[in-house]
Ligand code: E4P
């Protein structure tokens with residue numbers, strides 16, 4: 001499974017990329033608001049740090065606006081993926097971007113049928129939002145499972161399942177067990193995957209015992 005960093009914070013992205021822990025990045029208007037910098041600058045900086053897919057979301061909700069903004073964003077770097085909402089207008093824009101050779105991430109997916117339509121429009125990635133379904137007392141992982149099954153029923157579908165709105169380490173494990181192609185996670189979730197209390201405890205003991213040997217290595 002590939003990992004994308006779900007953040008517009010260049011410091012977080014740089015740290016994860018240097019550790020070789022990410023294969024790409026996703027951003028959205030709420031993350032840009034938090035980063036509080038011009039969007040083009042953010043995207044330019046991210047694309048200098050990673051050569052993997054970097055999702056840049058359009059702000060317009062009509063097809064002409066999406067096409068204008070998406071074409072502008074796509075010029076920033078070759079690895080920019082245009083992110084459009086899962087609406088009829090968004091899917092029209094998706095089809096055009098794909099004909100122009102631009103990668104597309106269709107976002108705000110909350111049903112298997114929506115995912116089927118995004119694949120039909122040629123989406124490179126479909127982003128089902130797991131956490132937001134959990135928020136309304138549904139099981140977001142059920143959606144990942146349904147989409148996996150449907151896409152696997154039709155080998156012609158090349159759209160990758162990008163599990164989004166990931167909030168916990170358990171979400172990541174479940175998405176990997178189901179076979180999501182990509183998980184996009186906040187930096188804190190990715191770093192949390194490395195942690196285990198028994199690793200910390202075991203390491204502390206090894207450090208202490210090594211000191212007691214009085215030896216040095218190299
Ligand atoms: C990613 O592409 C989405 O925009 C993001 O994962 C949404 O996450 P949230 O529901 O935690 O805001």
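A short reminder: the numbers here are calculations on the coordinates, not readings from a lab. This structure is a prediction, so every number in the text was calculated from the model and none was measured. A quick note on method: Cβ atoms are made from the backbone with ideal geometry, for glycine too, and the neighbour counts reach across all protein chains shown.
Angle, helix 63-74 long axis vs. longest principal axis of the chain, Cα atoms, 0 to 90°, nearest 10?
Taking the Cα atoms of the chain, the angle to 63-74 is about 40 degrees.
Enter the Cα centre distance for the pair the stretch 4-42 and the stretch 201-218, rounded to the nearest angstrom.
38 Å
When the Kirkwood hydrodynamic radius is evaluated over all pairs of different C-alpha atoms of the chain, what value in angstrom, to one decimal, is obtained? If you can, show how the numbers build up before the last one.
Working: mean 1/r = 0.0545 Å⁻¹.
Hydrodynamic radius (Kirkwood, Cα pairs) of the chain is 18.4 Å.
In degrees between 0 and 90, to the nearest 10, how far off the longest principal axis of the chain does helix 169-178 point, with axes built from Cα atoms?
60 degrees
Test of understanding: express the Cα radius of gyration of the stretch 35-148 as a ratio to 2.2 N^0.38 Å, with N the residue count.
On the way: Rg = 14.5 Å, N = 114, 2.2 N^0.38 = 13.3 Å.
Scaled against compact globular proteins, the figure is 1.09.
For labels at residue 51 and residue 30 in the simple 7 Å Cα→Cβ model, what's the distance in nm?
3.3 nm
By counting other Cβ atoms within 10 Å of each Cβ, how are 150, 136 ranked from fewest to most? Walk me through the numbers on the way to the answer.
Numbers: 150 16, 136 8.
In order of increasing Cβ crowding within 10 Å: 136, 150.
Could you calculate the FRET efficiency of residue 204 with residue 19 from 1/(1 + (r/R0)^6), where r is the beta carbon distance between them and R0 is 25 Å, rounded to 0.05?
Details: r = 22 Å, r/R0 = 0.88.
With a Förster radius of 25 Å, E is 0.70.
In percent, what relative contact order does the stretch 1-156 have, based on Cα pairs under 8 Å that are 6 or more apart in sequence?
14 percent
On the principal axes of its Cα set, how long, how wide and how thick is the stretch 136-218? Give whole Å, largest value first.
62, 33, 18
Given only helices, namely DSSP H runs of n ≥ 4 each adding -39500 (n - 2.57), what is the per-residue ellipticity at 222 nm of the chain, to the nearest 500 deg cm²/dmol?
Working: 11 runs with 113 residues, N = 218.
Dividing the helical sum by the residues of the chain leaves -15500 deg cm²/dmol.
In nm, give the distance between the simple-model label positions of residue 136 and residue 87, each being 7 Å from the Cα along the Cα-to-Cβ direction.
Computed distance between label sites residue 136 and residue 87 equals 1.7 nm.
Stretch residue 191-residue 216 to full length: gain in nm at 0.36 nm per residue minus the Cα-Cα span?
Details: separation 25, 0.36 × 25 = 9.00 nm, distance 3.04 nm.
Extra length available between residue 191 and residue 216 comes to 6.0 nm.
Using alpha-carbon positions, what is the distance between the centroids of the stretch 146-200 and the stretch 97-141, in Å?
Distance between centres, Cα-based: 14 Å.
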